[in-house]
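The values are calculated or read from the model by the stated rules, or taken from the named source; none is laboratory data. For clarity, every value in this text was computed on a predicted model and none was experimentally measured. All Cβ positions, even for glycine, are placed from backbone atoms using ideal geometry, and neighbour counts span all protein chains on display. Calculation scope for accessible area: heavy atoms of the full protein, side chains included, ligands and nucleic acids excluded. Shrake-Rupley method; radii C 1.70, N 1.55, O 1.52, S 1.80 Å.
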Amino acid sequence: MSSALTDIQQSLEAIAGNYSWTWSPAARAAIDLVPTKNGAAALHPKARLAQLDAAQWAELAADEGLAGLVATAVGQIPDVPGADGPAPIAYFSPEFGVSQYLPQYSGGLGILAGDHLKSASDLQIPLVGVGLFYSDGYFHQGIAKDAQTETYETYDPTDLALTDTGVVVTVPLGKESALARVWQANIGSTRLFLLDTDLPENSLATRKVSDRLYSGDQEHRVRQELVMGVGGARALHALGIAPSVYHLNEGHAGFLVLELIGEELEKGLGFDEAVAAARQRVVFTTHTPVPAGIDRFPTALISEYVGPWADRHSVKMSQVLALGVLDGDTDHLNMAGFCLRTSGWSNGVSALHGEVSRKMFAKVDNASPIISITNGIHGRTWVGNEMQALLDATLGTGWALGDVDAWDRAGEVPDDAISEIAVRGRTELAELAASRVSHGIDLDPARLTVGFARRFATYKRADLLLRDRAKLVDLLANDDNPIQFVFAGKAHPKDEPGKAVLKRVVEFGRSPEARGRFVFIPDYDIEVARAMYAGTDVWLNNPIRPREACGTSGEKAVLNGGLNLSILDGWWAEGFNGSNGWAIVSSELETTAQRDLEEAAHLHELLKDEVVPLFYGAGATGPTSEWLDKVRHAWQTMGPFVSSARMLREYDELLYKPAGR
């Protein structure tokens, strides 16, 4: 084997083995040059390399352009610290959205977690992620008879650039125990540890504990959360990692504190003293103002699974259950209440969400005070490659880390450069839609394009535009100032009302009235999301206020040159300044139908009277210079704010450092 071939092979394998390729333009460009069988691009970089034959490897080794990209990309791979590094923050989350090729996420919570890990790497904040390895991931969405269908795919962790740490931990699950193998993924310099119960030593039922994300009944959920929390803490100990702080990203890993409390009890402390000592190391982030989004487990179920822990430590089960009482409900252990009482520090994920959470949990005694840290997004992951190059050239590279001075120069970005990138983004989005949608669609890269992509929960109201079908039909029929809509998103497999909303959206898109200009793209994932952010001019978000905790999709649209058209909820309640997008007025009417009709009427009014005229102006060639001025103003006013680097700096200063002290 020639030295050139050896070098290119080792370098590409190094790139594929660290998920920093998800935010390195050089690495992504190098991977794109690797051929695939039958033109199939939807492969993890490691799998793409594995299917190459000798002739293809030789061809790659002779490609000087690839060699330059690879050299740049390899030089950008951060060093991964060992167990002897500084005491890290241990960030526990039920899902991590790092890449579409690591299907361990379902929606916003996981995407936020993935961006959190990436920004920790960028800022060199010592942090490790802890979660579960779901062998079947989250479901693939199909559309049959206008309705959602779900299928699952089984994954081998080694195919996803996960390495076996050699650590296997034992996790008590009531009267039995589960063995969990610990896998490691490298996310830049940040290590992500995922626990996997699919081991032959476990019973069939126990092997299935980590099978799927958010798919089981309550007992399955309790077993998963015990493995994630208790098992995760034990995994870190076995790896020789002693965290300075434990961060619970939502309450799903809350049972972690049982392990911490147990450590204090073994020192001879009483139960209340042990709780007080353990909580000083714990940070809790609540992500939902919707009670249905919070785990509530029957006390009988919790007693079955946690009772042996209480017996082992001579603790009354009633003491444990009391930690999870919320609003007088003594029949359930509420994980939000449990985490608020067992953490010393807590936060909501936007200013408005913080206010709502403080009211929502006002009756929780001995709770940690809830502050607000608004979610941000990882720019290098979510901004299209061409837009990144333009911003680098005009603003300098600091824009990706939320540098205020860099974003102050956004006014210098030229009109033609923004417009040309937008046309290519719309073109690629139209091509993606055509590859996934079987019925006739008519997406034109020259048209004003509105995007909506999120989980199809009913409170997010994906069908709000349809409340006045006649006005929507009129908008779509306007050939002088044409507009098109692209939708995507999944409903939880057990959310029948959410599935009904999705079906209404799909049915309208297939109707003659839609004229092929209202399109639903199935199987929403990170790949689809990136295409939508790069290919849409307006980002639509119309939840029922104040039920959207943050809603970071609109932040991703901003950095790609999109303008937000949204209800003043979540982050947009802070981001909107009156002129950097549009605010849909929230109705004060009490009945659901009346409220939705009023808010839909204002949404249509904004589209018809403000959005469309500003984009096209007097002609039909758009976007106008006034539109592009608004894009630049949105960059200047929101560029630093929407950065996950800003977010992580706030976590570090307001929560991690105080908790670590």
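Other residues whose C-beta falls under 13 angstrom from the C-beta of residue 623 contribute a net charge of -2, scoring Lys and Arg +1 and Asp and Glu -1. Sorting the segments 50-60, 333-343 by their mean number of nearby beta carbons within 10 angstrom, highest to lowest, gives 333-343, 50-60. A full extension of the chain between residue 574 and residue 266 corresponds to an added length of 106.3 nm, given 0.36 nm per residue minus the alpha carbon distance.
Counted residue by residue at 0.36 nm each, then reduced by the alpha carbon distance between them, the extension gain from residue 71 to residue 327 reaches 86.3 nm. Packing here is the average count of other Cβ atoms within 10 Å per residue, and on that basis the peptides 225-232, 63-70, highest first, run 225-232, 63-70. Under 1.5 on a/c is rounded, so check that first for segment 408-454, then, if it is not, pick prolate when a/b is larger than b/c and oblate when it is not; a ≥ b ≥ c are the square roots of the alpha carbon gyration tensor eigenvalues. Verdict is prolate for segment 408-454. Where the alpha-carbon atoms of segment 78-119 are placed on the principal axes, they occupy 33, 19, 15 Å, in descending order. Angle of helix 385-395 to the longest C-alpha principal axis of the chain, folded into 0 to 90 degrees and rounded to 10: 90°. From the P(r) of segment 506-661, could you give the percentage of C-alpha pairs in the tail past 25 Å? Looking at segment 506-661, the distances longer than 25 Å represent 40 percent of pairs.
Here the Karplus curve 6.51 cos²θ - 1.76 cosθ + 1.60, taken at θ = phi - 60°, turns the phi angles of segment 452-458 into couplings of 9, 8, 5, 5, 8, 7, 4 Hz, with x standing for Gly and Pro.
Of the solvent-accessible surface of the chain, computed with a 1.4 Å probe over protein heavy atoms with every protein chain present, carbon and sulfur atoms account for 51 percent. Rounded to the nearest 10 square angstrom, residue 201 shows an accessible area of 130 square angstrom against a 1.4 Å probe. Past the 19 angstrom mark, what percentage of all C-alpha to C-alpha distances in segment 230-302 do you count? The share of Cα pairs beyond 19 Å in segment 230-302 comes to 44 percent. Taking square-rooted eigenvalues a ≥ b ≥ c of the alpha carbon gyration tensor, is segment 94-205 rounded, prolate or oblate, where a/c under 1.5 means rounded and, failing that, a/b exceeding b/c means prolate? Note, shape of segment 94-205 comes out oblate. Once C-alpha pairs closer than 8 Å and six or more residues apart are averaged by separation and normalised to the residue number of the chain, the relative contact order reads 12 percent. Rolled with a 1.4 Å probe across the full set of protein chains, the surface gives residue 272 an accessible area near 110 Å². Only helices enter the 222 nm calculation for the chain: every DSSP H run of n ≥ 4 contributes -39,500 (n - 2.57), and dividing by all residues gives -12000 deg cm²/dmol, rounded to 500.
With the simple model of a label 7 Å out from the Cα in the direction of the Cβ, residue 595 to residue 2 spans 6.8 nm.
In terms of overall dimensions, the C-alpha atoms belonging to the chain reach 78, 74, 51 Å along their principal axes, ordered largest to smallest.
Based on the Kirkwood approach, the hydrodynamic radius assigned to segment 522-565 is 11.1 Å, with every pair of different Cα atoms included. The antiparallel fraction among DSSP beta bridges confined to the chain stands at about 35%. Assuming a ≥ b ≥ c are the square roots of the Cα gyration tensor eigenvalues, decide whether segment 25-97 counts as rounded (a/c under 1.5), prolate (otherwise, with a/b larger than b/c) or oblate. Cα axes put segment 25-97 in the prolate bin. Summing charges over all other residues whose Cβ lies under 13 Å from the Cβ of residue 63, with Lys and Arg as +1 and Asp and Glu as -1, gives -4.
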